[in-house]
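Down below is the structure, laid out as structure tokens.
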């Protein structure tokens, strides 16, 4: 009996340790040919060497798997990374955009260049690798892309750059999930809770992560998202400790007839109420729902 990913090539960014390493090892164990990307940077993103990626490749090969190391900075080297997969394995089927950096500070203290670098790596790197692979996945009518957002988007002080970047990845996943559907490309995202270099540095949660949220407990669900069995796209999941749960963006009935500032202020509680929340399938569905709350029949409006 063949392994789940026999004949498929996968690219995993930031795979020299932590979560990315676990993804790469599990994909390889299930038969995938893996490009292990890691440029050996520190938590802040200062470049290092390809050594960490090579160590993971050695692990994979020692276990009988197939892998190649890559040390490019995904913020500027997305095309080269995909070209390596095509040249080495003759194709690409799975992309796991995992690479990231840490950093923070109050919004009025963080250096603009550090803010931009956070966006360049998390959002720019994800977009660059995905953009390079997209034509290949589109033309073959199949692909699986897993992006990495973060539960920090629920709100966390002192991390405005990181949250902004991860929220943008959430939005990109929603957009590409819709664009890729007709091409057989499923694009989903995870918000992992796991022990890693990034979380280990926090005295508040580092010990909790180490004891209760090992990186290995995230890998099965992420790799499951890379499988042919996935029939959904554009979704995001909190994953950690052997648990996974869907993250949703909903709207509510709110309040209408808000013609004055005083009307709006008086309606704040109603606008914030979570009763009868609605989950739009996409932006068009959200508009239809909004119109419905205002008594507007779109079919009648457009003469259908």
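The values are calculated or read from the model by the stated rules, or taken from the named source; none is laboratory data. In this text the structure is predicted, and so the values were computed from the model without any measurement. FYI the Cβ positions are ideal-geometry reconstructions off the backbone, even for glycines, and counts take in every protein chain you see.
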Review point. Just checking, which of 49, 113 is in a loop (DSSP other than H, G, I, E, B) and either surrounded by fewer than 20 Cβ atoms within 10 Å (Cβ to Cβ) or at positive phi (or both)?
Key: 49
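When you look at residue 65, is it in contact (Cβ under 8 Å) with a residue 12 or more places away in the chain and touching a helix residue (DSSP H, G or I) at 6+ places or on another chain (Cβ under 7 Å), yes or no? So that I can check it myself, show each step before the final result.
Details: in contact (Cβ under 8 Å) with a residue 12 or more places away in the chain: yes; touching a helix residue (DSSP H, G or I) at 6+ places or on another chain (Cβ under 7 Å): yes.
Against the criterion (in contact (Cβ under 8 Å) with a residue 12 or more places away in the chain and touching a helix residue (DSSP H, G or I) at 6+ places or on another chain (Cβ under 7 Å)), residue 65 qualifies.
How do the helices (runs of 4 or more DSSP H) wholly within the stretch 174-267 filter down when requiring 3 or more residues that are farther than 21 Å from residue 139 by Cα and without any contact (Cβ under 8 Å) to a residue 40 or more places away in the chain: which remain?
Values: elements: 197-200, 206-212, 219-224, 261-266.
Ranges flagged: 206-212, 261-266.
Residues checked against (1) surrounded by 13 or more Cβ atoms within 10 Å (Cβ to Cβ); (2) at pLDDT 95 or above:
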position: 235; (1), (2): yes, yes
position: 239; (1), (2): yes, yes
position: 253; (1), (2): yes, yes
position: 257; (1), (2): no, yes
position: 260; (1), (2): no, yes
position: 276; (1), (2): no, yes
position: 288; (1), (2): yes, no
position: 303; (1), (2): no, no
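Is it the case that residue 191 is at pLDDT below 95 and under 22 Å from residue 122 (Cβ atoms)? Steps first, answer last, please.
Working: at pLDDT below 95: no; under 22 Å from residue 122 (Cβ atoms): yes.
No; evaluated as a whole, the condition is false for this residue.
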Check your understanding: Scanning the stretch 218-233 for residues that are touching a helix residue (DSSP H, G or I) at 6+ places or on another chain (Cβ under 9 Å) and more than 16 Å from residue 150 (Cβ to Cβ), which turns out surrounded by the most Cβ atoms within 10 Å (Cβ to Cβ)?
Key -> 226
Practice item. Would you check which residues across the stretch 59-73 are assigned to a helix (DSSP H, G or I) and surrounded by 13 or more Cβ atoms within 10 Å (Cβ to Cβ) and list them? Key: 59, 60, 61
Revision key, fill the gap. For the stretch 126-160, the count of residues that are within 28 Å of residue 70 (Cα to Cα) and not in a strand (DSSP E or B) equals 19
Review point. What about residue 143, is it within 22 Å of residue 237 (Cα to Cα), surrounded by fewer than 20 Cβ atoms within 10 Å (Cβ to Cβ) and in contact with a helix residue (DSSP H, G or I) (Cβ under 6 Å, 6 or more places away or on another chain)?
Key: no
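Condition check ((1) out of contact with any strand residue (DSSP E or B) (no Cβ under 7 Å at 6 or more places or on another chain); (2) over 25 Å from residue 122 (Cβ atoms); (3) at pLDDT 95 or above) across all residues:
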position: 48; (1), (2), (3): yes, no, no
position: 53; (1), (2), (3): no, no, yes
position: 60; (1), (2), (3): no, yes, yes
position: 68; (1), (2), (3): no, no, yes
position: 78; (1), (2), (3): yes, no, no
position: 84; (1), (2), (3): no, no, yes
position: 87; (1), (2), (3): yes, yes, yes
position: 92; (1), (2), (3): no, no, yes
position: 95; (1), (2), (3): no, no, yes
Review point. Among the residues of the stretch 147-167, how many are surrounded by fewer than 23 Cβ atoms within 10 Å (Cβ to Cβ) and within 23 Å of residue 219 (Cα to Cα)?
Key: 6
